[in-house]
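For reference, the structure is listed below as structure tokens.
Read-outs throughout are calculated quantities, based only on the coordinates presented, and are distinct from any laboratory measurement. From a predicted model like this one, the values you see are computed outputs, not experimental measurements. FYI the Cβ positions are ideal-geometry reconstructions off the backbone, even for glycines, and counts take in every protein chain you see.
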């Protein structure tokens with residue numbers, strides 16, 4: 001790593017930490033202003049998530065779907081395509097694997113049944129994220145619009161499947177028949193009751209990081225995203241790489257939906273979009289599309305979310321204030337000009353020092 | 001089913017449902033002509049819709065509410081312009097972040113103001129922008145009930161198509177805006193401030209989104225409801241894309257999307273078909289229209305490349 005890229009890395013880190021700190025401060029000030037008992041509420045927001053092993057466990061549980069959708073958005077973001085279908089994929093793959101699981105029942109042994117469900121979930125994700133990807137590549141459609149329209153359609157499709165194909169009429173709410181016992185993930189880590197999907201998430205992070213940094217496809221993907229002209233000039237198959245990256249991303253979001261159902265639900269009962277896809281965008285932005293940082297960003301977001309949840313249940317603060325904070329974080333981290341002057345100054349300084357050192361060396365030899 | 005009365009009513013609801021799409025389409029046209037893709041129409045409309053209801057309820061004056069809706073649309077546009085033009089944030093990300101923040105932020109603001117999380121219908125007194133009966137025309141069968149008796153803002157929407165065309169084609173500022181969109185470097189070399197034009201395009205987009213939001217919460221219905229824009233901003237954006245940012249074309253496509261919306265609404269009542277599929281119609285037809293226009297354009301480009309006509 002040369003000095004400039006070292007400076008860039010440091011500034012990037014400082015920038016992200018500052019952005020998160022500012023957003024967090026905004027959250028605290030908001031709570032302070034609108035709450036009747038600000039000290040108590042702020043204490044609950046900051047420390048509440050750590051107040052019991054169960055809550056720490058729920059931070060981790062919430063970070064698991066964020067990790068999957070964050071990884072999904074890393075792929076989209078890496079090739080600079082804002083394919084937001086992850087939102088719909090998460091829901092529809094959860095729905096489809098529930099249907100498959102109900103069909104399978106207890107007929108297959110657990111490992112095989114779970115493997116089948118993962119393949120189905122990932123397949124559904126890949127197919128669906130391919131729709132806006134191909135619409136964009138072949139028909140020049142706007143990918144954000146295409147993927148959001150698709151999400152709306154998928155929500156209705158999932159509700160239709162739930163209502164007409166697997167509804168349990170004996171319960172008082174709209175839910176599917178109970179899922180078979182074999183496929184349910186056990187809870188691990190004692191009192192924290194973390195769902196076993198965490199292991200799948202860890203494996204997914206490692207595999208995606210290998211794909212990004214150690215494999216040819218990952219390299220191609222990053223070149224296509226960072227420098228399309230260079231990629232084209234060096235003969236990389238642009239369209240193939242761009243669509244391929246989106247298919248893999250979609251598959252990972254599909255696995256996320258699968259893990260969520262297997263780990264946390266007795267029945268399929270989603271009747272609205274889960275928002276995990278959009279949270280994935282925030283995670284990917286925070287992690288600067290580096291898959292290894294995705295779990296960190298996911299945990300951070302989950303911590304803030306659980307904090308908001310605690311506050312929501314303890315006081316009269318609606319949980320929605322968090323989305324404003326999320327918007328602020330995305331904007332500040334993505335803003336080039338935010339602390340851009342600071343970065344330039346540091347790079348100039350580093351360059352000047354390097355130059356001075358060179359001159360000194362030249363004088364010595366002379 | 002297909003009586004004259006039904007046709008008249010159906011035509012009426014097509015025009016009514018087209019109104020927000022026309023505004024959104026025109027807002028997208030203005031940004032597109034300035035060389036930018038405004039994907040935050042959804043969020044801008046949502047903020048404006050809430051602002052209109054709240055301010056008219058608080059002041060007891062409908063027109064102050066309408067002005068507030070427009071003002072908040074403009075402010076949201078200004079925030080996006082500031083972030084993406086002055087802060088050099090990726091425009092896609094800025095718009096997505098704005099939409100996310102608006103979706104949650106409106107619910108948050110609504111809760112703080114009224115204690116409700118779903119709608120303001122119970123808590124805030126409703127004011128609606130008046131409907132206008134056009135004399136003489138309203139007596140004509142079929143056409144009368146179709147085009148008379150609409151909300152004022154529906155007529156303003158159709159007038160805006162002309163106004164946006166006039167602005168873009170017949171005013172100095174419109175010419176500059178198009179120049180920046182076509183070639184920012186060339187435009188800045190003759191002394192046009194690309195930055196200012198970018199701001200102006202988003203602020204004007206904000207005015208149109210403000211009108212759209214006001215129509216949604218003070219015309220279409222008389223209250224604010226969580227997520228009430230429901231993808232209309234994106235459908236409007238598609239209308240502009242399909243029409244290559246031509247105001248009249250965007251208006252026509254918006255009416256077509258209004259037609260699919262009206263079709264879905266009238267199919268839903270009195271049909272045994274699962275309503276979920278009917279709900280998909282507006283979104284599916286948007287996707288389909290985008291693909292069809294894409295195929296037409298690529299074929300045309302291929303012909304041109306071959307040297308044909």
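As a proxy for reagent exposure, ranking B:82, B:202, B:159 by other Cβ atoms within 10 Å from fewest up yields B:159, B:82, B:202. Of the residues A:278, A:156, A:212, the one that moves most in a GNM of chain A with alpha-carbon contacts below 10 Å is A:156.
Legend: calculated FRET efficiency, residue A:138 to residue A:359, from the Cβ-Cβ distance at R0 = 51 Å, rounded to 0.05, equals 0.35. With only the Cα atoms considered, the stretch B:4-306 has a convex hull volume of 165 Å³ per residue.
State the Cα centre-to-centre distance between the stretch A:117-194 and the stretch B:238-309 in whole Å. If we compute the Cα centre of each part, the gap is 26 Å. Taking every residue in B:274-281 and counting other chain Cβ atoms within 10 Å of its Cβ, the average works out to 5. Two-decimal Rg/Rh of the protein assembly as shown from alpha-carbon positions, Kirkwood Rh? A ratio of 0.98.
Stokes-Einstein diffusion of the stretch A:62-194 at 25 °C, 0.890 mPa s viscosity, Kirkwood radius from Cα pairs, rounded to a whole number: 149 µm²/s. A helix-only calculation puts the protein assembly as shown at -25000 deg cm²/dmol for mean residue ellipticity at 222 nm, using -39500 (n - 2.57) for each DSSP H run of at least four residues, averaged over all residues. The relative contact order of chain B, computed from alpha carbon pairs under 8 Å that lie at least 6 residues apart in sequence, is 35 percent.
The angle separating the long axis of helix A:3-34 from the principal Cα axis of greatest extent in chain A is about 50 degrees. Under a Gaussian network description of chain A, with springs only between Cα atoms under 10 Å, the residue in A:198, A:34, A:261 that fluctuates furthest is A:34. If the Kirkwood radius is taken over C-alpha pairs of the stretch A:1-67, then at 10 °C and 1.306 mPa s the Stokes-Einstein diffusion coefficient equals 108 µm²/s.
Each of B:5, A:320 was scored by other Cβ atoms within 10 Å of its Cβ. Arranged with the fewest first, they read B:5, A:320. Between the helical axis of A:110-139 and the longest alpha-carbon principal axis of chain A there is an angle of about 60 degrees.
Normalised by the number of residues in chain A, the mean separation of alpha-carbon contacts (under 8 Å, six or more apart) gives a relative contact order of 34 percent. Quick one: check the C-alpha center-to-center distance for the stretch A:278-306 versus the stretch A:3-44, whole angstrom. First find each Cα centre; the distance between them is then 15 Å. Under a Gaussian network description of chain B, with springs only between Cα atoms under 10 Å, the residue in B:74, B:14, B:292 that fluctuates furthest is B:292.
As a rough guide to protection, the peptides A:288-295, B:185-192, A:344-351 ranked by mean Cβ packing within 10 Å, highest first, stand as A:288-295, A:344-351, B:185-192.
The mean number of Cβ atoms from other chains found within 10 Å of a Cβ in peptide A:316-325 is 6, as a whole number. Look at the stretch B:98-108: the mean tally of other chain Cβ atoms within 10 Å of its residues' Cβ atoms is 6.
Separation of the stretch B:57-93 and the stretch B:124-193, taken as the distance between their Cα centroids, equals 19 angstrom. With each label modelled as a point 7 angstrom along the Cα→C-beta vector, the residue B:269-residue A:210 pair spans 6.0 nm. Note on B:155, B:23: ascending count of other Cβ atoms within 10 Å places them as B:155, B:23, the fewest first. The angle separating the long axis of helix A:321-334 from the principal Cα axis of greatest extent in chain A is about 30 degrees.
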